[in-house]
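> Dropping a structure here in structure tokens format, bear with me for questions.
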Amino acid sequence: MTQFIAVNPVLAALLMAFAAAVGLLRAWIGHHTAVRTEEEHTRRTQIAVEGSTPARRAAVVRACADLEAASRARSQAGPGASRRVRRP
């Protein structure tokens, strides 16, 4: 027959509470990081648009979006990836 190991219920409750707290902390850090990244993107775009003429604003916003996309692709590629971005 299978032997059951007796576990202290207080210890088991503490371990479950700790695991839940760690999961909650990871979710909060992920959310906070995403919000901060979007705030930085918005701030950079606003700075770039401030000095542009109304006729050139769309081109400036598109250029900012291209730079952000290239930056995200490079950061997700890893440390050994090339920094050169190829255009189709």
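The values are calculated or read from the model by the stated rules, or taken from the named source; none is laboratory data. Since the model is a prediction, treat every value here as computed from it, not as a measurement. Side chains included, ligands, DNA and RNA excluded: accessible areas come from the protein's heavy atoms. Shrake-Rupley method; radii C 1.70, N 1.55, O 1.52, S 1.80 Å.
> Got a number for residues in region 4-16 being in a helix (DSSP H, G or I) and open to solvent by 60 Å² or more (accessible area, probe 1.4 Å)?
Adding up the residues that qualify gives 6.
> Further question: Which one of the conditions (1) part of a helix (DSSP H, G or I); (2) at pLDDT below 90; (3) open to solvent by 90 Å² or more (accessible area, probe 1.4 Å) does Leu25 fail to meet, given that it meets all the rest?
Among (1) part of a helix (DSSP H, G or I); (2) at pLDDT below 90; (3) open to solvent by 90 Å² or more (accessible area, probe 1.4 Å), Leu25 violates only (2).
> Yes or no: Met1 at pLDDT below 90 and open to solvent by 80 Å² or more (accessible area, probe 1.4 Å)?
yes
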